[in-house]
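Take a look at the structure set out below.
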Amino acid sequence: MARSSDLTADPSADAAAMLRRVGFAILFFAIPVAALLTRRAVVVLAPLAIMLLIIASLLDGGAKAPLDKLFSIVTSAGGLAGAILLLWTTLSLIWTPFVTEASERLLNIIGMALLALAGYLALPDRMRSANLYILPVGVGLTALLGMFIAFQGAGHLDQDGQSLERGMIVLALLLWPAVTWLHSRGRNLEALLLVVVVALGALLAADGLSLQGLAVGALIFVVTAVSPAFGTRLTALVMAGLLLLAPVLPFLLKPVAVLLGPDSPIAASLDVWRNVVLGEPLRLITGHGLETALRGRFFSLLPVNAPYTILFEIWYELGLVGAVAGAFLLYSAAMRSGEQRPALDPGIMAAFATAYTLGCLGVGTAQLWWFTALVVVVLVFVAIERGQFRTTRPKAVLHRRR
């Protein structure tokens with residue numbers, strides 16, 4: 001007698017599958033769409049999605065050996081560099097003039113790091129393709145929505161000042177995971193079409209930051225696709241090298257400032273950067289403390305036209321120790337990510353290049369939405385890597401009965 005389906009069904013597994021599907025729908029679809037419509041979309045939706053993934057993992061045990069994975073991350077070279085960077089950032093609270101604001105920012109950083117770890121440990125060891133195909137659909141529809149908004153001339157969509165540009169920046173970051181998934185499935189034509197649609201949406205954005213980030217990411221994607229080892233090492237070395245040599249950049253770029261003229265904002269920023277390096281050389285070792293690069297402008301501790309770039313901010317706030325730890329963290333993260341499946345390397349390096357370019361060009365890297373967006377991108381790439389367990393369908397074999 002056949003057993004009833006009610007007896008063989010596993011309610012906890014069904015509930016976990018539903019929660020996981022909703023969580024991925026929020027990460028892959030709701031976040032890029034909502035980022036165009038409200039300023040707090042990424043900050044609110046990402047923790048909600050990760051909580052759903054955690055509950056799903058507790059219900060069905062889809063994530064195996066979480067403690068071993070956590071130990072592997074903490075003891076890795078990048079994990080140790082991140083711990084040193086976090087420790088030095090905490091110590092900088094001693095000499096920062098903005099202790100309250102810096103403490104709040106530090107708690108946000110720690111919260112995002114813990115959120116990323118929790119999401120990483122909650123992801124199942126094997127991802128269903130049906131869940132991952134939500135990502136390119138969400139990215140494509142968001143790009144079309146952004147183009148529609150740009151044509152309508154609605155640059156600001158809520159009273160909090162959310163702009164089309166911020167939504168396009170989030171979309172530029174999520175494009176590369178979507179392209180990576182399509183490329184790994186052999187859907188290169190769809191991936192190319194997705195890049196074109198997102199690039200057109202970024203072209204319509206007013207400030208052009210997202211388009212510049214996409215251009216650099218596309219270049220690295222092509223280089224890494226031709227030579228994965230060279231593209232990975234190039235990306236890692238450029239990111240780490242620029243951060244380490246940042247105090248030299250305003251002197252090397254002085255001819256560029258002369259060509260632009262003394263009235264150019266870039267020339268004025270480079271002048272401020274050179275004066276900071278020459279005026280307080282000892283501060284290049286310790287930095288001025290967390291939160292001083294942004295708030296120092298409002299209290300005349302730093303000129304208003306100081307550079308808005310992550311290269312200047314890390315050196316100004318955390319000094320040599322923070323810059324070395326950050327450079328090693330970037331290098332280790334890029335090189336370790338390059339050890340994934342070859343089909344994923346171009347998209348991963350393109351995402352590194354896009355995010356780093358946006359940070360160098362002046363995206364508010366100290367803001368919570370930026371940290372949250374980076375966490376989302378990392379989790380999406382991990383999910384894509386765990387969706388590569390089968391690349392070809394098994395062949396059907398007919399067995400003849402003797």
>> Condition first: among the hydrophobic types (A, V, I, L, M, F, W, C), free of Cβ contacts under 8 Å to residues at least 12 places away in the same chain and farther than 21 Å from Phe148 by Cα. Can you find one or more residues in region 176-196 that meet it?
In response: yes
> Do you know which residues across region 275-329 are within 18 Å of Val248 (Cβ to Cβ) and surrounded by fewer than 17 Cβ atoms within 10 Å (Cβ to Cβ)?
Replying inline: Asn275, Leu278, Gly279, Glu280, Pro281, Leu282, Leu284, Ile285, Leu320
> Is it the case that Gly201 is surrounded by 13 or more Cβ atoms within 10 Å (Cβ to Cβ) and modelled with pLDDT under 90?
Replying inline: yes
> If you go through region 113-133 one residue at a time, how many are farther than 25 Å from Leu368 by Cα and either surrounded by 13 or more Cβ atoms within 10 Å (Cβ to Cβ) or at pLDDT 90 or above (or both)?
Replying inline: 6
>> Exactly one condition in (1) at pLDDT 90 or above; (2) in contact with a helix residue (DSSP H, G or I) (Cβ under 9 Å, 6 or more places away or on another chain); (3) surrounded by fewer than 17 Cβ atoms within 10 Å (Cβ to Cβ) is false for Glu104; which is it?
In response: (2)
> Before we move on, is Leu87 out of contact with any Gly (no Cβ under 6 Å at 6 or more places or on another chain), exposed (fewer than 15 other Cβ atoms within 10 Å of the Cβ) and not in a loop (DSSP other than H, G, I, E, B)?
Replying inline: yes
> Of the residues that make up region 336-349, is at least one under 22 Å from Ala113 (Cβ atoms), crowded, with 24+ Cβ neighbours inside 10 Å and among the small types (Gly, Ala, Ser)?
Replying inline: no
> How about region 242-255: which of its residues are part of a helix (DSSP H, G or I) and over 16 Å from Gly322 (Cβ atoms)?
Replying inline: Val248, Leu249, Pro250, Phe251, Leu252, Lys254, Pro255
>> Please go through region 254-272 and give me each residue that is within 15 Å of Ala306 (Cβ to Cβ) and at pLDDT 80 or above, ordered by number.
In response: Pro265, Ile266, Ala267, Ala268, Ser269, Leu270, Asp271, Val272
> Which condition number does Val363 fail, the rest of (1) part of a loop (DSSP other than H, G, I, E, B); (2) out of contact with any Gly (no Cβ under 7 Å at 6 or more places or on another chain); (3) farther than 24 Å from Val195 by Cβ; (4) among the aliphatic types (A, V, I, L, M) being met?
Replying inline: (3)
>> Can you find a residue that is outside any loop (DSSP other than H, G, I, E, B), among the basic types (Lys, Arg) and touching a residue at least 40 places away in the same chain (Cβ under 8 Å) anywhere in region 32-48?
In response: no
>> For a quick check of your reading of the model, give me the residue pairs whose first member lies in region 314-334 and is farther than 20 Å from Leu282 by Cα, whose second is in a helix (DSSP H, G or I) and among the polar types (S, T, N, Q), with beta-carbon atoms closer than 9 Å and at least 6 apart or on different chains.
In response: Ala334/Thr232; Ala334/Thr235
> Of everything in region 61-80 that's in contact with a Ser or Thr (Cβ under 6 Å, 6 or more places away or on another chain) and part of a helix (DSSP H, G or I), which residue is nearest to Tyr331 (Cα to Cα)?
Replying inline: Gly78
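Given the options Ala199, Ala240, Ala215, Ala205, name the one that is more than 24 Å from Gln388 (Cα to Cα) and in contact with a strand residue (DSSP E or B) (Cβ under 9 Å, 6 or more places away or on another chain). Before the answer, list the steps.
Values: Ala199 fails: in contact with a strand residue (DSSP E or B) (Cβ under 9 Å, 6 or more places away or on another chain); Ala240 fails: in contact with a strand residue (DSSP E or B) (Cβ under 9 Å, 6 or more places away or on another chain); Ala215 fails: in contact with a strand residue (DSSP E or B) (Cβ under 9 Å, 6 or more places away or on another chain).
Just one listed residue meets the conditions, Ala205.
The values are calculated or read from the model by the stated rules, or taken from the named source; none is laboratory data. In this text the structure is predicted, and so the values were computed from the model without any measurement. For neighbour counting, all protein chains shown are included, and Cβ atoms are generated from backbone atoms with ideal geometry for every residue, glycine included.
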